[in-house]
Amino acid sequence: MKTQICKIDPEVIDEDILRSAGEIIQAGGLVAFPTETVYGLGGDALNPDASRKIYAAKGRPSDNPLIVHIADLSHLTPLVKGDIPEKAKLLADHFWPGPLTMIFEKTKLVPDETSGGLPTVAVRMPSHPAAAAFITAAGGYIAAPSANLSGRPSPTEAAHVIEDLDGRVEMILDGGRVDIGLESTIVDFTEEIPIILRPGFISLEMLKEVLGEVRVDPGILSEAEEKHIRPRAPGMRYRHYAPKAPLTIVEGPEEQVIRRINALVLQYQQEGKKTGVMVSGENISRYHADVVKNMGSRSEDVTIAQSLFSALREFDSEGIDVIFSESFDTPRMGQAIMNRLLKAAGHQVIQA
């Protein structure tokens with residue numbers, strides 16, 4: 001398959017490109033497209049064959065549910081069994097369009113292939129103008145996980161999508177680098193108290209301001225995930241975001257973390273290994289690895305989120321043999337950053 005790569009300006013969208021992308025979707029094909037979070041791999045959410053193609057293109061386990069993307073709030077009702085919960089309406093008012101996914105009991109309109117065999121559906125309304133226009137042109141319902149091979153770092157620019165999916169999909173819409181860099185927050189509304197299944201840009205504090213009581217799934221920062229239980233949301237069970245080299249997170253007081261990482265770096269360098277580290281900008285001059293990645297400032301932790309997946313991919317291209325990272329348990333986005341970093345590391349953590 002030859003993949004078309006089409007540049008698209010989010011501010012001045014080319015209607016001919018959108019029409020072509022929409023026709024591909026309606027014919028059962030796949031189109032990768034930018035959102036404000038990461039690039040998505042889109043297919044017709046109501047077409048079971050299209051969802052099968054998404055799983056095949058990514059090499060993704062078929063019990064890992066897909067998120068249905070919409071561009072019009074009126075398109076939510078046909079997907080949801082019964083009434084939409086009032087608390088979900090409140091969140092939609094505050095955060096849609098935006099980086100928030102909500103889970104509901106689904107109607108028969110949603111194929112089991114899209115929901116990963118679950119009786120629920122995950123729905124999001126992205127704020128990226130190119131994403132919204134594409135969804136509309138494609139018929140209104142796009143199933144889309146991140147546009148990468150399963151287990152690889154999520155794509156934050158079209159070059160990452162091309163690296164993983166060139167020849168596997170019909171079209172890639174190149175809208176430049178994304179804004180946020182981490183996938184959406186996922187909130188489950190199938191229980192009485194809403195529960196966060198995946199942290200993201202919309203934080204627990206932001207959700208509590210709107211809803212009051214909100215719970216957090218205990219597995220978000222834990223490796224104790226039951227392998228025989230189906231994941232209720234994307235990314236809950238399988239290893240994700242992993243670079244080719246082993247990644248270890250070092251936690252503890254700042255000075256001890258710096259000393260421990262430098263000692264580990266020296267040890268591996270003496271063995272002839274090429275080392276890489278991921279650190280905050282405040283400490284970048286204090287590390288002695290072969291490649292030192294400035295992840296951004298702890299005081300502006302959205303910069304760390306924006307850098308995370310790109311840094312993991314860069315280590316691959318730079319031939320790094322072993323990677324160490326500081327912990328980034330920052331106040332604003334720390335939970336979301338650490339959720340992705342722990343999965344990338346396979347929960348390999350040492351205390352300084």
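Residues considered: Ala130, Ala122. Of these, the only one that is assigned to a strand (DSSP E or B) and crowded, with 21+ Cβ neighbours inside 10 Å is Ala122. Number of residues in the stretch 63-84 that are buried (at least 18 other Cβ atoms within 10 Å of the Cβ), in contact with a strand residue (DSSP E or B) (Cβ under 8 Å, 6 or more places away or on another chain) and of a type outside the set (A, V, I, L, M) equals 2.
Of all the criteria given as (1) touching a strand residue (DSSP E or B) at 6+ places or on another chain (Cβ under 9 Å); (2) in contact (Cβ under 8 Å) with a residue 12 or more places away in the chain, the one not satisfied by Ser127 is (1). Of all residues in the stretch 175-190, those satisfying the criterion of being of a type in the set (Gly, Ala, Ser), touching a strand residue (DSSP E or B) at 6+ places or on another chain (Cβ under 9 Å) and either open to solvent by less than 20 Å² (accessible area, probe 1.4 Å) or part of a strand (DSSP E or B) (or both) are Gly175, Ser184.
Within the stretch 192-205, the residues that satisfy the criterion of being open to solvent by 50 Å² or more (accessible area, probe 1.4 Å) and either basic (Lys, Arg) or free of Cβ contacts under 8 Å to residues at least 24 places away in the same chain (or both) are Glu192, Glu205. With the structure loaded, tell me whether Ile172 is open to solvent by less than 10 Å² (accessible area, probe 1.4 Å), assigned to a strand (DSSP E or B) and β-branched (Val, Ile, Thr) or whether it fails that test. So Ile172 passes the test. Within the stretch 90-118, being open to solvent by less than 40 Å² (accessible area, probe 1.4 Å) and hydrophobic (A, V, I, L, M, F, W, C) holds for Leu91, Ala92, Phe95, Trp96, Leu100, Met102, Ile103, Phe104, Val110, Leu118. Each residue in the stretch 134-165 was checked for being more than 20 Å from Thr77 (Cα to Cα) and in a helix (DSSP H, G or I), and 9 of them qualify. Among the residues of the stretch 54-80, those identified as touching a residue at least 24 places away in the same chain (Cβ under 8 Å), β-branched (Val, Ile, Thr) and over 22 Å from Phe201 (Cβ atoms) are Ile54, Val80. Being among the basic types (Lys, Arg), over 22 Å from the mean Cα position of the chain (by Cα), at pLDDT 95 or above and surrounded by 21 or more Cβ atoms within 10 Å (Cβ to Cβ) is a property that Lys87 lacks. Selection of first residues in the stretch 38-53 that are open to solvent by less than 10 Å² (accessible area, probe 1.4 Å) and in a loop (DSSP other than H, G, I, E, B) and of second residues that are among the aromatic types (Phe, Trp, Tyr) and modelled with pLDDT of 95 or more, restricted to Cβ pairs under 7 Å at least 6 apart or on distinct chains, gives the following pairs, ordered by first then second residue: Tyr39/Phe33; Ala45/Tyr141.
The values are calculated or read from the model by the stated rules, or taken from the named source; none is laboratory data. Just so it is clear, the model here is predicted, and its values are computed rather than measured. Positions of Cβ are generated from backbone atoms using ideal geometry, with glycine treated the same way; all protein chains shown enter the neighbour counts. SASA here: full protein model, heavy atoms, side chains in, ligands and nucleic acids out. Shrake-Rupley method; radii C 1.70, N 1.55, O 1.52, S 1.80 Å.
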